[in-house]
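The values are calculated or read from the model by the stated rules, or taken from the named source; none is laboratory data. Keep in mind that this is a model prediction, so the values were computed, not measured. Here Cβ is always computed from backbone atoms with ideal geometry, including for glycine, and neighbour counts include all displayed protein chains.
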Amino acid sequence: MFFFIPGEQGNLYAIYYPPVSGASATQILLHIPAFAEEMNKSRRMVALQAREFARHDYGVLVIDLFGTGDSQGDFSDASWSLWKQSLTEICAQLLQQGFNVSFWALRSGALLALDVAEHAQLPLKNLLTLTAMESEAKAVSPR
């Protein structure tokens, strides 16, 4: 299901993949996307992997950062610090709602995830980085 997350600079496009079992998610994987054209080229694999995580009772939240994809704003108005702030706020909201939050980051999104995790001072459970090294990527299970 897609929706928009209100942000300070504009709405962020998000897709939520709930656990397939119908159980309420306690663990949320927050996907931090790759950058620019790598984000566009990876959308299909991100969706496949998100569905696989959902089959294992994870909730998966995939967002487009401000000024990218279907989120509001122009890329020229986006900044690393704005993206960090947005991700920190989203994590804080999810934690406040009682979810355990983990990052699932792809390529340059892994650099942003590390930066957020270091500076956010939020109790994030782990950091999962996934990089495609071959032309044919395969979905993997987190367990």
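Some points to look at:
- Exactly one residue out of Ala78, Ala25 is surrounded by 15 or more Cβ atoms within 10 Å (Cβ to Cβ) and in contact with a strand residue (DSSP E or B) (Cβ under 6 Å, 6 or more places away or on another chain), and it is Ala25.
- For Cys91, the conditions (1) out of contact with any Pro (no Cβ under 8 Å at 6 or more places or on another chain); (2) outside any helix (DSSP H, G or I); (3) buried (at least 18 other Cβ atoms within 10 Å of the Cβ) are fulfilled apart from (2).
- Applying a threshold of 9 Å to beta carbon distances and a minimum spacing of six or more residues, or different chains, the list of pairs starting in region 106-120 at a residue that is at positive phi and ending at one that is assigned to a loop (DSSP other than H, G, I, E, B) reads Arg107/Pro33; Arg107/Ala34; Arg107/Phe35; Arg107/Thr131; Arg107/Ala132.
- Sole exception among (1) modelled with pLDDT of 85 or more; (2) in a loop (DSSP other than H, G, I, E, B); (3) more than 17 Å from Ala113 (Cα to Cα); (4) not polar (S, T, N, Q) for Leu65, by number: (3)
- Pairs with Cβ under 7 Å, 6+ apart, first in region 63-87 and within 23 Å of Val101 (Cβ to Cβ) and without any contact (Cβ under 8 Å) to a residue 40 or more places away in the chain, second among the β-branched types (Val, Ile, Thr) and assigned to a loop (DSSP other than H, G, I, E, B): Ala78/Thr68
- Within region 28-56, considering residues that are touching a helix residue (DSSP H, G or I) at 6+ places or on another chain (Cβ under 9 Å) and among the small types (Gly, Ala, Ser), the one nearest to Tyr16 (Cα to Cα): Ala34
- Filtered by the rule that a residue be in a helix (DSSP H, G or I) and either closer than 23 Å to Ala78 by Cβ or of a type in the set (A, V, I, L, M) (or both), region 1-53 gives Glu37, Glu38, Met39, Asn40, Lys41, Ser42, Arg43, Met45, Val46, Ala47, Leu48, Ala50.
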